[in-house]
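Asks: Dropping a structure here in structure tokens format, bear with me for questions.
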Number of protein chains: 2
Amino acid sequence: MKISKPTMIIDPVKVVKNIKKMAEKTAKAHCLFRPHFKTHQSVEIGHWFRSCGVQAITVSSIDMANFFLADGWQNITVAIVINPRQIEEISVLAKKCRLNLLVDSLPMVALLEKTMPVNVNVWIKIDTGYGRTGIDGNDWHSILEIAKAIDQSAQLSLAGILTHTGQSYSAKGREDLSALYDQVKDKMQMIRNHLHANGLSEVKISLGDTPSCQVCTDFSGIDEIRTGNFIFNDLMQVYLGSCDLQDVAMAVACPVIGKYTSRKQLVIYGGAVHLSKDYVISSAIKIYGLAQPFAQAKFDWRKNENFLIGISQEHSVIQAGEDLLASTKVGDLLYVIPAHSCLTADLLKKYYYIHPTLGCLPIHNLEIDDFKTAL
Amino acid sequence: MKISKPTMIIDPVKVVKNIKKMAEKTAKAHCLFRPHFKTHQSVEIGHWFRSCGVQAITVSSIDMANFFLADGWQNITVAIVINPRQIEEISVLAKKCRLNLLVDSLPMVALLEKTMPVNVNVWIKIDTGYGRTGIDGNDWHSILEIAKAIDQSAQLSLAGILTHTGQSYSAKGREDLSALYDQVKDKMQMIRNHLHANGLSEVKISLGDTPSCQVCTDFSGIDEIRTGNFIFNDLMQVYLGSCDLQDVAMAVACPVIGKYTSRKQLVIYGGAVHLSKDYVISSAIKIYGLAQPFAQAKFDWRKNENFLIGISQEHSVIQAGEDLLASTKVGDLLYVIPAHSCLTADLLKKYYYIHPTLGCLPIHNLEIDDFKTAL
């Protein structure tokens, strides 16, 4: 396929290497690997996970649960506290798979007890400092109260306590991430101990954010890891220090449509409807992505500062270094490593890869066996 | 329809009032109203424009041009400098409608001359200070050179000079916007005069950004207005002072899934994949939207500070005032006025409205005659 507009390209080998690395780290700690599929939202990439032994998944909406259920996934966590307005859809879904739901209040436990037609696993969402949803991790009284309510319900099984350490996206480097992981793990273990001490013996701990899970080397003491972004990584992970630039497995190929030598800028066709408006901050400047020359089948990223410093609906402006400026003309393609790969994938939806001889192809029909030798 | 997940709602009466207001302002100045359809990307809303006398449109991609061509639009400007990688698609499109294209370099003029199978209108994109694409508005030499190259081509018709004053989104209030409009108009008129003086007598001027076009009361001296966002408006327009809160014609109905009284916060199902990550700054805080109680068929917005202060893929966090906090419970709906309606529309795609008796309905089949009496 000729690339004529913004096109999401992945390096399947890097994707599967990222999957294997996380799968091995979880296996070593006897921890369940339940990857978050909201990052890729792709049937094909789901198959690659399956080939790496994954059987349980995380999604972020009921629609996404139904999407992966249709492809045979039978053990699904919907990692957002339940939305009472979707209780009918949730009931239907519960009958079709082993469903794991999240709650953070007694009324929602009562609602599930009243409405679920079959037994479902229920996780108590804990706020360990991110400040989004969840019961305050210091409020042991409420946590115990909810745990007991779930445990006493015939229709609900208490799965455990679950948190999303989203504050890791504000961390300052690897040490900070590592310290945050330990701190959250300690907090979750203390909550579990408290529940144990009160007669609730089967309480699992589920964690999930990519930054701290990539930095952590030992998942011991945790029962389940739900990370998602790690399969692709992005500029945000690189800037957080949670991965190397070479671990980035997704980029968007964008046509250059303007070259402005006096201001040392290139303009690409590729904007907020392709890359999202997410950004990282570098030297007090908002960076929407990093441009690289469009090249070979295997991504080989070079550290540089060809940053996307402006973005609008369909365009982005790249402040280009001398080399990129000199070597690029209107009509060329550039790779853009997006600031946030999850949102980019949600926008572009279709994945392509560069075949060494056939060029750009959709990942459709590409099986892990096709590139096993490269792994 | 029962609203169970983030749902884009418009007030059709407000939408058409916004259209009529801009149509009347352009008609008064004998200026062509060529609205930008990238904001709504909707066949139905296109029909409402048609009912208001609009026949020429602006789009931001070749795909969008084909989409509206299929619905009978015959006079289309693709308001992004041409992408040489799509030259074949552009050629096909040129045969099917009166196509208007943008260039900002001589090689692109030469490419069009070589490839266009029929005559196309060509606009010279001028950079009047935004710094995205376009020839520097002070570089009269290059502008004249390109104008002559277009004029001398048998296959190309010089339409005129076109600019997008995107820097208006950094303006400080209405006076600043008004001054910016006048300044850009003067600059464009001086360029036109220079081209006239050099024998190019048929040179139109096309402007387009919503903030300055909403503030401007007289389009005299301009040939064409391409504004798009004005049909819905959003929090950004309100904050820029280019419209009143009551002019906002789109909101997203979002279910409340969490209530955290101690931190005075509500969490809604509705995040970056519904609203985008665009924001406005208020008192140094990033605001992703403004929450309002979900109420009647006609939007009746009240000024408040129930801001979305945090957003992730599927959730947003609202810092709620006492009233909203007291009156809202998990399972309720809230309206969210997004920071940027164009990106929200691109993400949610489907439009609904609240029928006074039938409730939430898709705008499909809703004709302007159905709500004419309310206009």
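The values are calculated or read from the model by the stated rules, or taken from the named source; none is laboratory data. All values reported here derive from a predicted model rather than from experimental measurement. Methodologically, a virtual Cβ is constructed for each residue, glycine included, from the backbone with ideal geometry; neighbour enumeration extends over all protein chains shown. All accessible areas refer to the heavy atoms of the entire protein, side chains included, with ligands and DNA or RNA removed. Shrake-Rupley method; radii C 1.70, N 1.55, O 1.52, S 1.80 Å.
Asks: What per residue convex hull volume, in Å³, comes out for chain B when only alpha-carbon positions are used? Could you put the intermediate results ahead of the total?
Replies: On the way: hull volume 50.1 nm³, N = 375.
Taking only Cα atoms, chain B has a hull volume of 134 Å³ per residue.
Asks: Ignoring the sites themselves, what is the longest stretch of chain A with no GluC sites (Glu not before Pro) in a DSSP loop and at most 15 other beta-carbon atoms within 10 Å? Can you show the working numbers first?
Replies: Numbers: sites that count: A:GLU202, A:GLU305, A:GLU367.
Longest site-free region, per DSSP loop and neighbour criteria: A:1-201.
Asks: Now for a separate question. Only bridges whose two residues both fall in the protein assembly as shown count here: according to DSSP, what percent of them are antiparallel, nearest 5? Please report the intermediate quantities before stating the final value.
Replies: Details: 68 of 130 bridges.
Within the protein assembly as shown, antiparallel bridges account for around 50 percent of the total.
Asks: Right, another one. I'd like to check one number: the per residue accessible area of the stretch B:26-91, probe 1.4 Å, reported in Å² as a whole number. Kindly include the intermediate steps, with their values, before the conclusion.
Replies: Numbers: 2210 Å² over 66 residues.
So the stretch B:26-91 comes to 34 Å² accessible per residue, rounded to a whole number.
Asks: What is the dipole size for the stretch A:1-155, taken about its Cα centre, with +1 at each Lys and Arg Cβ and -1 at each Asp and Glu Cβ, in debye to the nearest 20? It would help to have the intermediate numbers written out before the result.
Replies: Details: 19 positive and 14 negative charges, 166 e Å.
Charge dipole of the stretch A:1-155: 800 debye, to the nearest 20.
Asks: Let me ask something else about it. Once you've got the GNM for chain A with C-alpha springs shorter than 10 Å, pick whichever of A:LEU200, A:LEU177, A:LEU158 has the biggest mean-square fluctuation.
Replies: Per the Cα network of chain A with a 10 Å cutoff, A:LEU200 tops the list.
Asks: Further question: Return the calculated 222 nm mean residue ellipticity for chain A, to the nearest 500 deg cm²/dmol, obtained by summing -39500 (n - 2.57) across DSSP H runs with n ≥ 4 and dividing by the residue count.
Replies: Rounded to the nearest 500, the figure is -9500 deg cm²/dmol.
Asks: Along Cα→Cβ at 7 Å, what distances in nm separate the A:SER178 label point from those on the other copies, shortest first?
Replies: 6.1
Asks: Turning to a different aspect of this structure: Express the relative contact order of the stretch B:1-107 as a whole percentage, based on alpha carbon pairs under 8 Å and six or more residues apart in sequence. If you can, show how the numbers build up before the last one.
Replies: Details: 103 pairs, mean separation 20.8, N = 107.
Worked out over the stretch B:1-107, it gives 19 percent.
Asks: Given the Cα atoms of the stretch A:246-291, and with Rh set as the inverse mean 1/r over their pairs in the Kirkwood sense, what is Rg to Rh to two decimals? Please report the intermediate quantities before stating the final value.
Replies: On the way: Rg = 12.1 Å, Rh = 12.3 Å.
Ratio of gyration radius to Kirkwood radius for the stretch A:246-291: 0.99.
Asks: Please report, in whole Å³, the volume per residue of the convex hull around the C-alpha atoms of the stretch A:251-357. Walk me through the intermediate numbers first.
Replies: On the way: hull volume 10.9 nm³, N = 107.
It is 102 Å³ per residue.
Asks: For the stretch A:231-236, what does the Karplus curve 6.51 cos²θ - 1.76 cosθ + 1.60, with θ = phi - 60°, yield as ³J(HN,Hα) per residue in whole Hz, taken in order and with x for Gly and Pro?
Replies: 5, 9, 6, 5, 5, 5
Asks: When the scattering of the protein assembly as shown is computed by the Debye formula from its Cα atoms alone, each counted once and equally, what is log10 I(q)/I(0) at q = 0.05, 0.08 Å⁻¹?
Replies: After summing over all Cα pairs, the log10 values are -0.26, -0.68.
Asks: Stretched out fully, how many nm does the piece from B:SER91 to B:LYS372 gain, at 0.36 nm a residue minus the Cα gap? Intermediate values should be presented prior to the final figure.
Replies: Details: separation 281, 0.36 × 281 = 101.16 nm, distance 3.98 nm.
Length difference between fully extended and current span is 97.2 nm.
Asks: Report the gain in length on full extension from A:ASN75 to A:GLN155: 0.36 nm times residue separation, minus Cα-Cα distance, nm rounded to one decimal. Before the final figure, lay out each step's value.
Replies: Working: separation 80, 0.36 × 80 = 28.80 nm, distance 1.73 nm.
Length gained, A:ASN75 through A:GLN155: 27.1 nm.
Asks: How many percent of DSSP beta bridges within the stretch A:172-310 run antiparallel, rounded to 5?
Replies: Of all bridge pairs located within the stretch A:172-310, approximately 80 percent are antiparallel.
Asks: Grab the residue from chain B whose Cβ hugs the B-to-A rotation axis most tightly, plus its distance in whole angstrom.
Replies: Axis-proximal residue of B, distance in whole Å: B:LYS277, 2.
Asks: For chain A, what does the relative contact order come out to in percent, with C-alpha contacts under 8 Å and a separation of six or more?
Replies: Values: 784 pairs, mean separation 75.5, N = 375.
Relative contact order for chain A comes out at 20 percent.
Asks: Just want to confirm a number: the relative contact order over the stretch B:211-336, from Cα pairs under 8 angstrom separated by 6+ residues, in percent. Could the numbers behind the result be given before it?
Replies: Values: 212 pairs, mean separation 34.6, N = 126.
Over the stretch B:211-336, the number comes to 27 percent.
Asks: Extent of the stretch B:102-206 along each principal axis, from alpha carbon coordinates, in Å, largest to smallest?
Replies: 46, 26, 20
Asks: Can you compute the charge dipole magnitude of the stretch B:1-63 about its Cα centre, using +1 on each Lys and Arg Cβ and -1 on each Asp and Glu Cβ, nothing else charged? Give it in debye, rounded to the nearest 20. Let's see the in-between values first.
Replies: On the way: 11 positive and 4 negative charges, 47 e Å.
Computed about the Cα centre, the dipole is about 220 debye.
Asks: Suppose we compare each residue of the stretch B:2-20 in its chain alone and in the full protein complex with a 1.4 Å probe; which ones drop by at least 10 Å² of accessible area?
Replies: The answer is B:LYS2, B:ILE3, B:SER4, B:LYS5 - residues whose exposure falls by at least 10 Å² when every protein chain is included.
Asks: Another question, then. For each pair in A:LYS14/A:LYS298; A:LYS95/A:LYS125; A:LYS38/A:LYS349, compute the distance between the two Cα atoms and list the pairs where it is over 19 Å.
Replies: Numbers: A:LYS14/A:LYS298 8 Å; A:LYS95/A:LYS125 23 Å; A:LYS38/A:LYS349 12 Å.
Those over the limit are A:LYS95/A:LYS125.
Asks: Next question. When the label point is put 7 Å from the Cα of B:LYS172 along its Cα-to-beta-carbon vector, which residues of the stretch B:259-283 have a backbone N closer than 18 Å?
Replies: Only B:281-283 pass the distance filter.
Asks: Between A:GLU89 and the same site in the other copies, what are the distances in nm, shortest first, taking label points 7 Å from Cα along the C-beta direction?
Replies: 3.0
Asks: Here is a follow-up. Could you sort the residues of the stretch B:305-340 by number and keep only those whose accessible area is reduced by 30 Å² or more in the all-protein-chain setting relative to the chain alone, 1.4 Å probe?
Replies: B:SER312, B:GLN313, B:GLU314, B:HIS315, B:VAL330, B:GLY331
Asks: For the stretch B:156-162, what does the Karplus curve 6.51 cos²θ - 1.76 cosθ + 1.60, with θ = phi - 60°, yield as ³J(HN,Hα) per residue in whole Hz, taken in order and with x for Gly and Pro?
Replies: Per residue, the Karplus-derived 3J(HN,Hα) values read 10, 10, 6, 7, x, 10, 9 Hz.
Asks: Would you jot down the residues in the stretch A:267-287 that end up with at least 10 Å² less accessible area in the complete protein assembly than in the chain alone, with a 1.4 Å probe?
Replies: Checking the loss per residue gives A:VAL267, A:TYR269, A:ALA272, A:VAL273, A:LYS277, A:ASP278, A:TYR279, A:LYS286.
Asks: Which value in Å does the Kirkwood hydrodynamic radius of the stretch B:294-375 take, with 1/r averaged over all unlike C-alpha pairs and then inverted? Please list the in-between numbers first.
Replies: Numbers: mean 1/r = 0.0654 Å⁻¹.
One decimal place: 15.3 Å for the Kirkwood radius.
Asks: Within the accessible area of the protein assembly as shown, what % is carbon and sulfur when the probe is 1.4 Å and the other protein chains stay in place? Could you put the intermediate results ahead of the total?
Replies: Values: 14390 of 28310 Å².
Ligands and nucleic acids excluded, carbon and sulfur reach 51 percent.
Asks: Taking a virtual spin label 7 Å from the Cα of A:LYS329 along the C-beta vector, which residues in the stretch B:92-115 bring their backbone nitrogen under 14 Å of it?
Replies: Output list for this probe position: B:106-111.
Asks: Under 19 Å between alpha carbons, and skipping anything fewer than 8 positions from B:LYS204 in its own chain: which aspartates and glutamates qualify?
Replies: Straight-distance partners of B:LYS204: B:ASP104, B:ASP127, B:ASP136, B:ASP139, B:GLU145, B:ASP151, B:ASP182, B:ASP186, B:ASP218, B:ASP223, B:GLU224.
Asks: Something else now. Per Stokes-Einstein, at 37 °C and 0.692 mPa s, what whole-number D in µm² s⁻¹ belongs to the stretch B:151-243, with the Kirkwood radius over Cα pairs as the hydrodynamic radius?
Replies: On the way: Rh = 14.2 Å.
In µm²/s, the coefficient is 232.
Asks: While we're on this one: Between A:LYS17 and A:SER201, what is 0.36 nm times their sequence separation minus the Cα-Cα distance? Round to one decimal in nm. Write down the numbers at each step before the final one.
Replies: Values: separation 184, 0.36 × 184 = 66.24 nm, distance 3.64 nm.
Between A:LYS17 and A:SER201, full extension yields 62.6 nm more.
Asks: Right, here's the next one. Hey, what's the per residue convex hull volume over the C-alpha atoms of the stretch A:5-111, in cubic angstrom?
Replies: Values: hull volume 13.9 nm³, N = 107.
Taking only Cα atoms, the stretch A:5-111 has a hull volume of 130 Å³ per residue.
Asks: To the nearest 100 Å², how much accessible surface do chains A and B cover up together, summed over both, with a 1.4 Å probe? Working shown, then result.
Replies: Working: alone 16380 and 16330 Å², together 28310 Å².
Using a 1.4 Å probe on protein heavy atoms, the buried area is about 4400 Å².
Asks: Specify the longest stretch of chain A that does not include any exposed loop site, a site being one of the trypsin sites (Lys or Arg not before Pro) with a non-H, G, I, E, B DSSP assignment and at most 13 other Cβ atoms within 10 Å.
Replies: A:173-297
Asks: Looking at chain A only, what percent of DSSP beta bridges run antiparallel? Nearest 5 please. Intermediate values should be presented prior to the final figure.
Replies: Values: 34 of 65 bridges.
Bridges in chain A are about 50 percent antiparallel.
Asks: Highest GNM mean-square fluctuation, chain B, Cα pairs closer than 10 Å: which of B:HIS36, B:HIS340, B:HIS194?
Replies: It is B:HIS194.
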